[in-house]
Every structure is written in structure tokens, then in C-alpha cells.
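Structure record follows, encoded as C-alpha cells.
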Amino acid sequence: MAVLHSVHEHDLPYARRERVNRWGLWLFLISESFMFAGLLAARFYLWGGTRPPLDQTLGLLLTSILLVSSFFMNRAEVAIAHDDRPEFLRSAMLTVVLGTAFLVGVVGWEWGLFLPDGPHLRPTDGAFGAVVYGLTGFHAFHVLTGVLAILAVWHLGRRGHFSARQHWGVEAVAVYWHFVDLVWVFFYPALYLIGQVVAAGH
Amino acid sequence: MERRTAYLRGWVVLGGLAALTAVEYGIAVTSGAVVPLLLVGMLKALLILEYFMHVSRLWAPADQGEH
Amino acid sequence: MRHVLTTGLVRGLVGQAVGFALGVYTARAWGATDWRADGPLAWAAVLSVLGFMLASGMVSDWLGWLAGNFAPPRHGAPPGKPRWWRYWSVDYDHKVIGIQYGVTALVLVGLAGSVALIFRSELSKPGIDFLEPAVFNTLIGWHGIVMIAGILTGVAAMANYLVPLMVGARDMAFPRLNAFAYWINVPGVVLVVLALFLRWETGWTGYPPLGVQTMPGAIPFYLGVFVIGFSSILGAVNILATAFGMRAQGMTLFRMPIFVWSMVATSIIALTATQLIGLSFVLVVLERVFGMTFFSPTLTESAQALGSPPGQPLLFQHLFWFYSHPAVYVFILPGLGIISELLPVFARKPLFGYKWVAMASLAIALVGFLVWGHHMFTSGMSDIMRVTMMWTTLLVAVPTGVKFFNWLGTMWGGKLTFPTPMLFVLGALSIFLIGGLSGPPNGTVSTDLFLHDTYWIVGHFHATMFGGFVYPYIAAIYYWYPKVTGRMYNETLGKIHFWLMTPAFWTMSLGQMLAGLWGMRRRIVDYDPALGVAGLQTAVTIAAHVIFLSMLIFAFNLVWSAFRGKVAAANPWRSRSPEFQVPSPVPDENYPAPVVVVSEPYEYGGPEPYVVFAHGPAAADD
């Protein structure tokens, strides 16, 4: 099972090991947040008080999907913390489905891969295109890695790994997933809400 | 924490996030001003950080916190 | 031969070649005609890095987790392999990784130095003699970026080898991540070498719009640096987690050897700021590959129809220098830590103002985040930013001054001895002093406007790099050489190294500064004989060759002594630091049992032998 076997007397006990792991994960997230902050800085530097006319319904929908997915990820972690394996597997899989739906929404509609006439806004369209595709692209890549990570712990959980006492793997993936959600909490207003829409065609 | 309470808290946080998102959208269609939107974003972030990401486990004593 | 082929290095490089070929092949299959076009090249570069990762074995354990294999990392040497094998393969022992980093650093610095000799020779007299301008521009950029990679790996070498030992731990907090952070450098460096052959003309800073327009070498350059950045970030995670989570019982925060404090400060910068250079470089690649105009101010017709604002070249400089200035402190803070670490040993006195030195490192790190704009005084940045950044820049002198006076206080009245490591520490002090004093003229807007694009800057930052990193790194290698190898280096050769290198460096650095004051511009292949700098340039070129010669002596000393040197004692320097209380070379598990630290780090002058550890009951879980 997901036990770190003690092979050497120096090896840390699980509780302390988990604590060090947790610090390591958060340090990595702090690092990542600087990258996302840099992207936000680029958005404000280039766009100022303007924004392109993006599809508001899609933006709201994507945001809702991601928030609900975070709810289910949290539910999965609570479940495994109480040894409720069926609920853990169900919630984790729902998170995967919602995360995938988010990706499909971004790639299929915002990037226009599923639209017959292609996207309204293209990556080559000045700072508008660059920032929209840059921010959603960096974020979507993290969503993708998150989905893969959740699939990994789901797979391990199905094979009987993790318990109420020892489930650092689930916690780590959950925290990462919430972090990706947290980034979108700022990207959503930055891309869709803040500033005035520029009137097209001048 | 009791299992029921823990599940329930998830629902409450989700409700809070939904309400704040609605407020956010409302601000956007009426003014689009930066400061209130970022403030709402901060509130959502705080909810996620504390209740989903359990940031306080970082400084909790070693043997406490949820496991 | 069979064993050579199974090393992680060889397997990884083969994997990288296969990945690259696969990228070129698929790009062809999708209709690309020239693999050197931006899209195919970037795609092949990404696949090549993945190929290296999979083939070298650096991610094998993590992939094994997916199969439910949670076996702990292997301890000790691999069975059935010769002893050298683990140094060329993925190994989780922090000491092996430290040596891997250390040797890589020397190789990179040697390569970058050789390249410098080439364009230095071109500059020794006016006129274009044997380097085309495009090649010259590629070489100066390559020299800069490979030196930076060499310095970063050198810093990581010291951190990996020393931090776990100094805090009384068995290993780093995350040994697998540690190995990953080392090995990810290799495919990155391979990409940067590829850039040398494909050429790019921006220099190491990669400024767009030129970065978008220049030759295809820009793609492997940007991506290679991006990949190397992973090493810094993940290494920083590991060092911070080790310093705060893996300390032995009794090793309180203010008992940590001062080098650990300097690595904490360094890691805070590397952890956060590195993301910004990675981001800025990836954004340029996106601009080249997908036409996403973050930085080019031109607008397409459809962008104009949408009313989009244009890209901004200055945005790149902000993102880039938000890392690349603090990066300077990543280079020098560990070096200053080494100086603080070695001075008490060779003065036989406590480190003067330990807490002040520790806090000064943190202060330099934090203020360092607010000074990036001083690289942009001539770029057209707003006056408010220029003046603000001038003040914050000059503020850095305060904690640096604190360190200097603490070093003087440590030496004052001490019983100084002068073996080679101490000579290099003192050499570092003198050079860093000149590097530091030549800084304020560039940090002040009014004088920087005249100095910015001249050789004055070249002289200034070579002095800070030599004083802040190169000299302390050499001192550290000499000082810990007996601890690492179990043998003593040759003292005579060490002294010859020092007395050749130091006057040569002074000539080089002061000559560069003077040439700058006389009007010699930097980053340029040719200059006007009427400037009167030809004599200076010749002197600088000769000095550079002498430095290189002295480094060859250094390399010879290291290799020769490893086999033929005198067998070293456990504690040749009578140090109080934890790592000197165990045999040389350090045993596999560092300490025979969990240690309990009972003494302060720098209480020199008292009766010897020092009692550093209590041999009480094994440290329990806290």
C-alpha cells in the first residue's frame, strides 16, 4: 500500500514525511503563482482598461464548471479521509469529467477548433489574441496535468491504495487541482470582466 | 471532523463561491471596474485557500489537522 | 564499454536524439519543409527533452508509482556496477548529485571560457579579423548564457553537497526531485549547444523584437534556458524544505552554518523569480511559432479591425529583468555565504555578527526583487520608475556593507593562516569590493545614461561575478576537496593558481572598465582605432588567456590529487561544522545515527577537540 517502508533508521515517520511533502508542494505552488502573476501583469500592461469582446456565456460556464469540479475534488479528499472509498472514486471521476469539459470548452469554443468558421479572435490578433491564447493556454496546460494527476490517484485508489491515515497522494493532487482553480479565479475577471470592450472596426 | 459535517462544509463553500461569482458577473455588466472585481476575486481565493486547499495545515502542529 | 552504454547520461542523450529525430520526422509528415523553421524546431526540441527524461531514468520511479510500486529510493552504490557508474547515472544520494553538479559546473564554465577566448582574441585589435559579426554575436550570447548555467550548477553543487550535511540530515528532503533537478540540466544544455550551431544574434538577454526576427538558433536557446530553469526552481524547493524540515535535533535556526542561511535567501529568489525568465522566453517562442504578438508592436489588419492594442517590447524587459537581476543575487549570495563560512575557520575567531550576516542575506534577496528597472534606464521607461529603481538599487549597498564590515570584524585580531582556500576568500573580498564600488555609477540614472552600453559595465559585472561567485566557488572546492574525495589537493599548485589568476583578473576587469570610460562599446565586434583602446584590449586579451591557463592548472590539480593526493584527515581545517565531524570521504548515510547538535557553529578559540554532537538517544519524531 502507499506506505513508505522504513529501511533506514533515519527515515522519517509518515506524519513528518507528510509535513515536509506539504511544504514542498506549497513552495512549488508559490513558484507557479509567480508565473501566473507574470501573465496577469502582461495582461494589464498590454490591455490596460480595455478588453476584447469574448463570449460571456462561455466564460461564465467555464468558471462554473471549474468551481464545481473543485467542490468534487474536495469531496473526494474528504471521502478518502473517512475511508469512504466508493465516494472517493465517484467524486474523483466526476472531477476528471468536469476538468475535461473545461478543456473541451476552452479548446473547442474559445480557440474555435469546433466552430465551423474558426474563432472570432485569433492568436495573431495583436495583444488581444496573444494574451487570450497565452493565458488560457498556460492555464489549460495546468488543467490537463491536473486531470492526468487525478486519473493517477483514481487508478491507485481503485487498486486499494490510500487510507484515512495515509493519503498524502490524494491531498497533493487535490491541493494542486484547487490551485489551478484558484488561478482561474483571477484569470476569469482579467480576461472576461475587467475593462471596457473595444468597439470593433476603427 | 465528522464525515457529515465535512461533506456539508463542501456544499457551503460551493454556495459561497457561486454567490460571489454571481456578484462578480453583476459588477462586470454594470461597471467593469478593476478594484471591486479583484476584491471579489480575493474573497473567492480565500475560500478556496482555507477550505479546499487547507492552507492552515502548513502551520498546524504536526499531529493535528485532518487526515 | 557495456557499463558505459548503460549510464543514464548515454541513455539519456540517445533518447534525446531519438526524440529530436521523431520531432523532425513528424513535422515532415505534417508538411513542414525545413526542420529549421520555428514550429518544427520547437516541436523537435520539446520532444527531445521528453526523450531524454524517459531514457535517462530520471522519471522512472515516478512512473513506477502509477503501477503501485512505492519502493523507497535505493541507498548506496548500485549492485553489479563499477564505482564510477553511479556518477554518470541517475542516483539519489545528495553527495553524488553534488559532485555531478560540481563537475558539470566546471565543464560549463570551461566551455564558456574557451568561447570567450575566441572573441576576446578577435577584439585584441581593431578591425574584423576572423569572426563574422553574426558568429561574434552568437558567441557572446553563448558565453553569457553558458556561464550563467555553469554558475547556477556550481551554486547547486555547493548547496546539494553541503546543506544536508550542515543541518545534520541524511539526505535532501526530496531525493528523487533532487536527481530530476540535476538531470534536467543536461537536455537543456544540449539545446543551448544546438543554438550555437544554428546561431542567434540577441546575446544572452534575448530581447525581442530582435529575438523574434533573428536566426533559428533562438528557438533552442530560449527553450534550453527554459528547461534549465526547472533545475533552479525544483532545487530551490528542495533546499528550502531541507533547511526547514530536515534539521537534526538541536540544530536550531540560528545554529545553522551561515552558508545554509545564504542558500535559504538564494532559494527564495530562485524559487519565485526564475518563473519570470521562463515565462518571458516561452512567450517569445510563442510569438515566433504562433505569431502571438506579445512584444512586437506591429498589428495585423484583423487585429486593427478588432481594435486590439499592440505588443510592447518593454514588457519583455520587465519580465526578463524581474528574474535576471535577482538572479545576480542567486549567483553571489552563496559565494558570500562561503566567505562568511571560511573566514572564521581561517581566523580562528567566531563569525562577527552571525545573525546580522544571516539577515543581511535575506535583506539582499528581498530588496533584490525591487531593483530590476536599473537595467532599463536607457530603454525609455518612465521617469518615476527610473528614480524609484535608482533608490532601491542603491539600498542594496546597505546589507552588502553589513556583510563586508562583519567580515572585517571577523578577521580583526584573528590568528590568520593563508592556505589556498583562504587566499581565494581574500581574493574574492578584494575583487568583490571593486565590483561593488563600480556598481553605484551604473545604479544612478544620470551616470548610467553614459555608461550603460560601454565596457565599463562589462568590467563591473565580471568583477561582481568573479568576486561573488568564481573565487568563492574555487575556495569552496579547495576547502571541501578533502571532505569530498578523502585526499588533499596539491598546495603548491593551488598557490600558483591563485597568484596567476588574481593579477590577471585585476588587469582584465580594470582594463575593461577603463576601455569603457574611453568609449569602447560592448556587444560589438569592431571598434574605432581612434578610441585609443587597442592597447587596453590587447592587455585584457592576454589577461584572459592567463586566467584560462590558471584554470587549467586548477583542473589538473583536482584530477591528479583525486588519485595521487595525500590521504586527508577527517577535519584538516579544525572546523566546528557538522560535516567535518564525520570521516573523509563522507560515508553513504552521512551520520552513523541521527545526531543531536549541542554546540554553536562558530565558537572558535576554545579548547579542542570540539564537542558538536551529543551521543544521546536517537532523535525521535518531533
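The values are calculated or read from the model by the stated rules, or taken from the named source; none is laboratory data. Just so it is clear, the structure is predicted and the values come from calculations on it, not from any experiment. Every residue, glycine as well, gets a Cβ built from its backbone with ideal geometry; the counts of neighbours run over all protein chains shown.
Observations on the structure shown:
- Members of segment B:19-37 that are more than 7 Å from chain A (Cβ to nearest Cβ) and assigned to a helix (DSSP H, G or I): B:ALA19, B:LEU20, B:ALA22, B:VAL23, B:GLY26, B:ILE27, B:VAL29, B:THR30, B:VAL35, B:PRO36
- So A:VAL104, is it away from chain C (no Cβ under 12 Å) and without any contact (Cβ under 8 Å) to a residue 40 or more places away in the chain: yes
- Applying the criterion of at least 1 residues that are hydrophobic (A, V, I, L, M, F, W, C) and closer than 30 Å to C:VAL264 by Cβ to the helices (runs of 4 or more DSSP H) found wholly in segment C:164-216 leaves C:175-183, C:185-198.
- Filter pass, C:GLN512 being surrounded by 15 or more Cβ atoms within 10 Å (Cβ to Cβ), polar (S, T, N, Q) and without any contact (Cβ under 8 Å) to a residue 60 or more places away in the chain: yes
- Residue within segment A:176-198 that is more than 10 Å from chain B (Cβ to nearest Cβ), part of a loop (DSSP other than H, G, I, E, B), within 29 Å of B:ILE27 (Cβ to Cβ) and not aliphatic (A, V, I, L, M) present: no
- Inspection of segment A:112-124 identifies no residue that is without any contact (Cβ under 8 Å) to a residue 60 or more places away in the chain, at the interface with chain C (Cβ under 10 Å from one of its Cβ atoms) and part of a helix (DSSP H, G or I).
- Condition met for C:ALA475 (small (Gly, Ala, Ser), assigned to a helix (DSSP H, G or I) and farther than 30 Å from C:ALA562 by Cα): no
- Residue selected from segment A:21-58 under the condition more than 9 Å from every other protein chain (Cβ to nearest Cβ) and not acidic (Asp, Glu), by the criterion surrounded by the fewest Cβ atoms within 10 Å (Cβ to Cβ): A:THR57
- C:ARG487 being touching a strand residue (DSSP E or B) at 6+ places or on another chain (Cβ under 7 Å) and within 30 Å of C:PRO164 (Cβ to Cβ): yes
- In segment C:37-71, the residue that is farthest from the other protein chains (Cβ to nearest Cβ) out of those that are part of a loop (DSSP other than H, G, I, E, B) and surrounded by 15 or more Cβ atoms within 10 Å (Cβ to Cβ) is C:GLY57.
- Filter pass, C:LEU106 being of a type outside the set (S, T, N, Q), surrounded by fewer than 23 Cβ atoms within 10 Å (Cβ to Cβ) and more than 19 Å from C:LYS483 (Cβ to Cβ): no
- Pairs with Cβ under 6 Å, 6+ apart, first in segment C:232-250 and within 17 Å of B:TRP59 (Cα to Cα), second part of a helix (DSSP H, G or I) and of a type in the set (A, V, I, L, M): C:LEU240/A:LEU27; C:ALA241/A:VAL20; C:THR242/C:VAL163; C:ALA243/C:VAL260; C:ALA243/C:VAL264; C:GLY245/A:VAL20
- Of A:HIS155, A:HIS161, all but one fail to be crowded, with 18+ Cβ neighbours inside 10 Å, within 19 Å of C:LEU66 (Cα to Cα) and either without any contact (Cβ under 8 Å) to a residue 24 or more places away in the chain or within 11 Å of chain C (Cβ to nearest Cβ) (or both); the exception is A:HIS161.
- Residue match in segment A:59-77 (condition: charged (D, E, K, R) and away from chain C (no Cβ under 14 Å)): yes
- C:ARG28 being charged (D, E, K, R), surrounded by 16 or more Cβ atoms within 10 Å (Cβ to Cβ) and outside any loop (DSSP other than H, G, I, E, B): no
- Residues that are closer than 30 Å to C:PHE119 by Cβ, within 25 Å of the chain's Cα centre (by Cα) and not in a loop (DSSP other than H, G, I, E, B) occur at least once in segment C:512-520.
- Condition check for C:THR266: farther than 30 Å from C:PRO609 by Cβ, touching a Pro at 6+ places or on another chain (Cβ under 8 Å) and more than 12 Å from chain A (Cβ to nearest Cβ): yes
- For segment C:545-557, the criterion of a residue being in contact with a His (Cβ under 7 Å, 6 or more places away or on another chain) and either hydroxyl-bearing (Ser, Thr, Tyr) or not assigned by TED's automatic domain parsing to the domain that holds C:GLY414 (or both) is satisfied by at least one position.
- Count - residues of segment A:63-101 that are part of a helix (DSSP H, G or I) and in contact (Cβ under 8 Å) with a residue 24 or more places away in the chain: 26
- Failed condition for B:TYR7, given (1) more than 10 Å from chain A (Cβ to nearest Cβ); (2) buried (at least 16 other Cβ atoms within 10 Å of the Cβ): (1)
- Matching residues in segment B:11-47 - criterion: being of a type in the set (Gly, Ala, Ser) and touching a residue at least 12 places away in the same chain (Cβ under 8 Å): B:GLY16, B:GLY41
- In segment C:290-316, the residue that is surrounded by the fewest Cβ atoms within 10 Å (Cβ to Cβ) out of those that are more than 7 Å from chain A (Cβ to nearest Cβ) and more than 16 Å from C:VAL225 (Cβ to Cβ) is C:GLU301.
- Residue count for segment C:91-114 satisfying the condition of being within 18 Å of C:TRP204 (Cα to Cα) and without any contact (Cβ under 8 Å) to a residue 40 or more places away in the chain: 2.
- Screening segment C:351-453 for helices (runs of 4 or more DSSP H) wholly inside it with 2 or more residues that are farther than 25 Å from C:GLN512 by Cβ returns the ranges C:354-367, C:383-395, C:397-411, C:420-437.
- Selection status of C:PRO209, surrounded by fewer than 20 Cβ atoms within 10 Å (Cβ to Cβ) and touching a residue at least 60 places away in the same chain (Cβ under 8 Å): yes
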